[in-house]
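Novice: I'd like to ask some things about the structure below.
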Amino acid sequence: MKLETQGANLIISEIIELTAVNSATFRNEVEAALGGSPSMIEIDLSQTRFMDSSGLGALFALYRATAQRENVSLRLLDPTPEIQQLLELTQMQQLFEIVRR
Amino acid sequence: MKALLICPSKRPAIPHLSESGPLATIPILGESLIGHWIEHLVSLGATQIRVVTVDEKEHVAASVGNGARWGVSISIASSSGQPTRMEAAKEFRPKDESDWLPEPHDVVVMSHLPGFSELPLFESYATWYVALSAWMPRALTPTRVRVVEKQPGIWVGSRARVSQKAKLVSPCWVGDQVAVGPGAVIGPGSILEDRSVVGAKATVRESWIGPDTCVGPMTSVASSLAWGSRLIDWRNDSSLQVPDPFLLGSLVAPAFAATKDRFGRPLGAPEPSRAQNPLIAAMHTPLAQSSNLKPSG
């Protein structure tokens with residue numbers, strides 16, 4: 001996983017999997033990066049091949065964390081078809097702004 | 001009267017539909033494809049049906065038996081590849097035999113449902129879904145006693161358990177021994193095959209749910225085919241093996257069986273039995289109660 005800051009944007013990319021194995025690390029690292037007060041958080045899911053309920057939980061936790069802050073936007077970039085299916089199955093696509101580039 | 005039924009071979013465009021057995025035995029609104037065809041040929045006067053299988057002859061034989069169920073005599077032959085209608089007639093219909101059904105019912109390739117030749121079943125997942133949707137009004141034949149049309153365009157199995165707080169939207173098919181939880185919305189354009197379960201507040205729209213499949217509470221299945229833990233978006237052929245059985249899973253042995261894990265390694269461990277499946281326990285548990293989905297803090 002790669003975290004980079006571009007201006008006021010926090011971009012999280014190179015997420016191959018988001019599962020019980022790495023979801024806690026994902027949450028901790030991203031929440032730590034929120035200390036920099038980004039105005040936009042983008043999670044690039046274009047390389048994500050596998051996600052389970054722990055990964056969905058990590059995304060939801062991030063959604064909750066950003067919802068509690070003012071002037072912070074969160075969006076998901078280019079989810080693979082499989083991840084899009086999972087988001088739709090769990091109706092989580094309703095929570096997130098999903099952007100296709 | 002005699003007839004020749006030719007089973008479809010596996011199709012590369014729809015690999016997951018033939019993972020649990022030959023396409024001829026795949027369930028379609030509570031009956032196998034070959035069962036629909038035998039019933040149709042019997043209604044035309046067939047008394048002897050010769051079935052030509054391409055693969056898994058034993059599976060087909062187990063599905064149809066000797067034909068006593070339909071009051072016909074069934075014999076099964078094998079072919080190395082799926083013959084065309086002409087090839088099958090040449091090989092399996094001796095010229096000196098008489099008393100065959102008139103053309104085109106004498107030799108049938110099961111690539112579509114009876115009377116629906118304009119709707120091929122196996123060209124893509126989308127054609128499969130479209131053909132099944134169109135078949136809904138035709139599936140309730142006089143011999144089907146375990147499904148009734150409750151309201152126009154809403155067919156429900158007599159042993160189905162549909163919560164009074166669930167909503168069925170026409171057209172939809174709720175098969176035999178199906179359970180639908182409170183707050184669930186089924187339809188339009190939804191087919192729940194026999195013994196499937198839809199949890200509380202789940203929605204199933206423009207989708208086919210395979211037999212013995214559990215759709216978890218509060219989930220949403222739209223424009224998809226779901227069988228066991230396999231979820232296929234029929235609009236774009238995207239396919240997903242859902243990892244968490246409380247979202248989508250099999251109530252019995254896997255139908256769309258995975259042979260490899262996500263790393264490409266062969267899978268060795270069998271799926272839990274119906275009694276062991278955590279899905280059973282999760283059926284009445286709202287998704288939000290799952291500890292895995294609870295946010296921290």
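Novice: Considering every residue in A:58-71, what mean count of other chain Cβ atoms within 10 Å of its Cβ is obtained? Provide the component values of the computation, followed by the final result.
Specialist: Details: counts 4, 2, 4, 5, 1, 1, 4, 3, 0, 0, 1, 0, 0, 0.
If you average over the peptide's residues, the count of other-chain Cβ atoms is 2.
Novice: From largest to smallest, what semi-axes in whole angstrom does the protein assembly as shown give when each is the square root of 5 times an eigenvalue of its alpha carbon gyration tensor?
Specialist: Semi-axes, largest first: 47, 22, 17 Å.
Novice: If you add up the charges near A:Ile43, with Lys and Arg at +1 and Asp and Glu at -1, over every other residue whose beta carbon is less than 14 angstrom from its beta carbon, what do you get?
Specialist: Local charge sum for A:Ile43: -4.
Novice: Per-residue Cβ counts within 10 Å, from other chains only, averaged over A:79-88: what number is that?
Specialist: 5
Novice: Give, in nm to one decimal, the length gained when the segment between A:Glu4 and A:Glu70 is fully stretched (0.36 nm per residue of separation minus the Cα-Cα distance).
Specialist: Roughly 21.6 nm would be gained on extension.
Novice: Turning to a different aspect of this structure: Identify the GluC sites (Glu not before Pro) of the stretch B:128-224 meeting these criteria: DSSP loop state and at most 10 other C-beta atoms within 10 Å of the C-beta. Walk me through the numbers before you get to the answer.
Specialist: Working: sites: B:Glu149, B:Glu193, B:Glu206; in loops: B:Glu193, B:Glu206.
Answer by residue number: there is no such site.
Novice: Give me the tail of P(r) for the stretch B:189-234 as a percent: Cα-Cα pairs with distance above 16 Å.
Specialist: 22 percent
Novice: Note down the net charge around A:Glu4, summing +1 for each Lys or Arg and -1 for each Asp or Glu among other residues with Cβ under 13 Å from its Cβ. Show your work: numbers first, answer last.
Specialist: On the way: positive: A:Lys2; negative: A:Glu14, A:Glu29, A:Glu42, A:Asp44.
Here the count lands on -3.
Novice: Could you tell me what percent of the DSSP beta bridges with both partners in chain A are antiparallel, to the nearest 5?
Specialist: DSSP beta bridges in chain A are roughly 25 percent antiparallel.
Novice: What is the spin-label model distance, in nm, from A:Ile11 to B:Ser158 if the labels are put 7 Å beyond Cα along the C-beta direction?
Specialist: Result for the modelled spin labels: 6.4 nm.
Novice: Just checking the output field for B:213-220: average partner chain Cβ neighbours within 10 Å of each residue's Cβ? Walk me through the numbers before you get to the answer.
Specialist: Numbers: counts 0, 0, 1, 2, 0, 2, 4, 8.
For peptide B:213-220, the averaged partner shielding equals 2.
Novice: Any idea what log10 I(q)/I(0) is at q = 0.30 Å⁻¹ for the stretch B:10-49, Debye with uniform C-alpha scatterers and no solvent?
Specialist: With one equal scatterer per Cα and no solvent, log10 I(q)/I(0) is -0.95.
Coordinate-derived values only; no laboratory data. Owing to the predicted nature of the structure, the values given are computational and were not obtained by experimental measurement. So basically every Cβ, Gly included, is an ideal-geometry build from the backbone, and we count neighbours across all protein chains shown.
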